[in-house]
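*Asks:* Once you've had a glance at the structure underneath, I'll fire off some questions.
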């Protein structure tokens, strides 16, 4: 059986002396990242961790912990910073998270209040050696083979947990790797949070398998403000300094990029691929971006299907269209005109008794 974690680790180890991650200006070699992954994997295994929450900003530790969970068979549950406290509390209880892995310097007020509301224990990245055998939590009704649980926020305080199997993650990553193989991508800049499934798979897994360097920057360097607004000048400064080949952006960020480009504040000479996801994007915005020479590509995705169902490629990129269905999936049209996505490894919602509706 293919093992995504092992494939990612092999790709990292093959670049032992190369920079695989640039973390806010600090180069991290393949050897250093592989060592961190091995350390975390050993600790998670020996401490009998079953479900680990990830609550930290984009970082090398996020990447290492995620891959370590794939290797050691730990179910990983990303907890988005942008969720409300009510939504985050729901995730901890819903998934029965034993440990919440956070940044060494995290001062998030939600974390400090956890001991009063949850049995989940906070484990900071600098304290990994202190992890002891995990306390026994109630079993959770999830499909056999679940590797990751991703939560979709919706508009309620009780987001749904989507169980993703190791096979589905592997199939989606492999298909995306094939679609993107024609693009000369050596530097990927992560702008979307890693808790976003699309950035997790395409911005980390595919980048590593493609031997690209992942540029993971602090929110401050990217100009991402706590108010969810973006400091355009700070973003442009970091972008121009790093000169990425690829980005995954929301329609809101694409609009900012177009504005900066129109003001001649953004040098996009090396940009080869800009995936637009996370929400529906107006054709007029795509046309505006394309007229400026921005290589925009759109797709269609569902968390329940591993984030990506279809994606435009170098051979099939028509503005306003969502490209071809990925090879491991098939799409039928139902009697009422609805799209029905089918695949061998699609799972179900956490604690549900059936498949997806």
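The values are calculated or read from the model by the stated rules, or taken from the named source; none is laboratory data. Predicted model, so just to flag it, every value in this text is computed and none were measured. With ideal geometry, Cβ positions are generated from the backbone for all residues, glycine too; neighbour counts draw on all protein chains shown.
*Asks:* Please go through region 94-120 and pick out each residue that is surrounded by 15 or more Cβ atoms within 10 Å (Cβ to Cβ), touching a strand residue (DSSP E or B) at 6+ places or on another chain (Cβ under 8 Å) and modelled with pLDDT under 75. First the steps, then the outcome.
*Replies:* The first filter runs over region 94-120 and keeps only residues surrounded by 15 or more Cβ atoms within 10 Å (Cβ to Cβ), leaving 94-103, 106, 108, 110-111, 114, 118, 120.
When the remaining residues are screened for being touching a strand residue (DSSP E or B) at 6+ places or on another chain (Cβ under 8 Å), the result is 94-103, 106, 108, 111, 114, 120.
Matches in region 94-120: 106 only.
*Asks:* If you check 289, 279, which single one turns out to be outside any strand (DSSP E or B), touching a helix residue (DSSP H, G or I) at 6+ places or on another chain (Cβ under 7 Å) and surrounded by fewer than 21 Cβ atoms within 10 Å (Cβ to Cβ)?
*Replies:* Numbers: 289 fails: surrounded by fewer than 21 Cβ atoms within 10 Å (Cβ to Cβ).
Going through 289, 279 in turn, just one is outside any strand (DSSP E or B), touching a helix residue (DSSP H, G or I) at 6+ places or on another chain (Cβ under 7 Å) and surrounded by fewer than 21 Cβ atoms within 10 Å (Cβ to Cβ): 279.
Residue-by-condition table, conditions (1) closer than 30 Å to residue 341 by Cβ; (2) in contact with a helix residue (DSSP H, G or I) (Cβ under 7 Å, 6 or more places away or on another chain):
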site	(1), (2)
220	no, no
243	no, no
260	no, yes
302	yes, no
307	yes, yes
313	yes, yes
324	yes, no
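*Asks:* If you don't mind, there's one more thing I want to ask. Restrict the check to region 23-44 and report whether at least one residue is under 20 Å from the mean Cα position of the chain (by Cα), closer than 23 Å to residue 96 by Cβ and crowded, with 19+ Cβ neighbours inside 10 Å.
*Replies:* yes
*Asks:* In the list 202, 207, which residue meets the criterion of being surrounded by 24 or more Cβ atoms within 10 Å (Cβ to Cβ), within 17 Å of residue 272 (Cα to Cα), touching a helix residue (DSSP H, G or I) at 6+ places or on another chain (Cβ under 6 Å) and assigned by TED's automatic domain parsing to the domain that holds residue 249? Write out each step before concluding.
*Replies:* Values: 207 fails: touching a helix residue (DSSP H, G or I) at 6+ places or on another chain (Cβ under 6 Å).
Among 202, 207, only 202 is surrounded by 24 or more Cβ atoms within 10 Å (Cβ to Cβ), within 17 Å of residue 272 (Cα to Cα), touching a helix residue (DSSP H, G or I) at 6+ places or on another chain (Cβ under 6 Å) and assigned by TED's automatic domain parsing to the domain that holds residue 249.
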